[in-house]
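Input: a single structure, listed below in structure tokens.
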């Protein structure tokens with residue numbers, strides 16, 4: 001045990017000498033070279049004369065090289081980081097401009113939305129369930145007296161049971177103005193006194209004609225938000241945009257009032 005402690009102390013002594021005498025040859029690399037062990041005197045010399053001491057002495061004669069590399073800063077990398085930061089700032093400014101309520105910000109800082117073509121408008125309206133025919137002629141009178149016929153139509157995600165002369169409120173319809181004529185082509189069911197037609201899922205030959213009477217706002221709904229343990233409470237009002245439609249005609253079913261007789 002005493003010999004092991006002695007050898008350990010000698011190794012620590014040499015290691016401290018090696019670290020103290022090293023020189024910095026490269027700014028990115030440190031090279032440590034071991035020094036030859038000094039002349040030993042006394043009982044320690046007898047330790048190295050033994051076979052075990054010979055192996056220890058050989059182990060002390062080492063030469064190691066340690067490389068400490070550090071990441072260098074490349075000017076091109078810094079420029080790329082600055083460009084990315086500027087791009088993020090511009091995107092934030094564009095988002096703030098597009099989310100603003102005024103809508104009077106300069107066009108150079110806002111994202112200009114591309115106008116939709118007529119084909120895109122027709123396709124989007126068809127997905128909702130209607131088709132715009134055109135404005136109503138002032139000399140035209142599309143309204144008819146009541147007929148004992150009803151239809152179930154789907155506009156967006158809502159379904160309505162209507163007859164001619166009825167008025168319905170739907171969510172704001174795009175690409176149509178007041179006094180425009182519409183065709184509601186997503187008819188799920190038709191019914192009269194003599195027959196009932198059920199679509200799978202729609203009736204292909206059926207159509208419901210309507211006229212846009214008004215674009216209005218629904219009653220205000222108070223939205224209350226709260227986050228517990230954060231003293232956060234907010235109330236916000238919301239008014240849903242609506243479109244009022246007047247049903248003028250239902251086509252695709254026999255409108256005769258003859259009741260079928262049973263034998």
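Residues of region 170-181 being assigned to a strand (DSSP E or B) and within 34 Å of the chain's Cα centre (by Cα), which ones?
Across region 170-181, the qualifying residues are 170, 171.
Given (1) within 15 Å of residue 129 (Cα to Cα); (2) out of contact with any helix residue (DSSP H, G or I) (no Cβ under 9 Å at 6 or more places or on another chain); (3) surrounded by 15 or more Cβ atoms within 10 Å (Cβ to Cβ); (4) touching a residue at least 12 places away in the same chain (Cβ under 8 Å), identify the lone condition not met by residue 149.
Tallying (1) within 15 Å of residue 129 (Cα to Cα); (2) out of contact with any helix residue (DSSP H, G or I) (no Cβ under 9 Å at 6 or more places or on another chain); (3) surrounded by 15 or more Cβ atoms within 10 Å (Cβ to Cβ); (4) touching a residue at least 12 places away in the same chain (Cβ under 8 Å), residue 149 fails exactly one: (1).
Filter region 173-192 down to the residues that are closer than 10 Å to residue 203 by Cβ and in contact (Cβ under 8 Å) with a residue 60 or more places away in the chain and list them by number.
187, 190
Determine if region 248-258 includes at least one residue that is at pLDDT 95 or above, surrounded by 11 or more Cβ atoms within 10 Å (Cβ to Cβ) and outside any strand (DSSP E or B).
Checking region 248-258: not a single residue is at pLDDT 95 or above, surrounded by 11 or more Cβ atoms within 10 Å (Cβ to Cβ) and outside any strand (DSSP E or B).
Can you work out which of the residues in region 184-212 that are surrounded by fewer than 14 Cβ atoms within 10 Å (Cβ to Cβ) and closer than 30 Å to residue 134 by Cβ is farthest from the chain's Cα centre (by Cα)?
Checking each candidate, the answer is 205.
Please go through region 150-165 and give me each residue that is in a loop (DSSP other than H, G, I, E, B) and either under 19 Å from residue 127 (Cβ atoms) or at pLDDT 95 or above (or both), ordered by number.
Listed by number, the residues that qualify are 156, 157, 163.
Give just the number: which of (1) closer than 30 Å to residue 116 by Cβ; (2) surrounded by 13 or more Cβ atoms within 10 Å (Cβ to Cβ); (3) out of contact with any helix residue (DSSP H, G or I) (no Cβ under 6 Å at 6 or more places or on another chain) does residue 241 not satisfy?
(2)
The values are calculated or read from the model by the stated rules, or taken from the named source; none is laboratory data. These numbers were taken from a predicted model, which means no experiment stands behind them. Quick reminder, even Gly has a Cβ in these numbers, built from the backbone with ideal geometry, and neighbours come from all protein chains shown.
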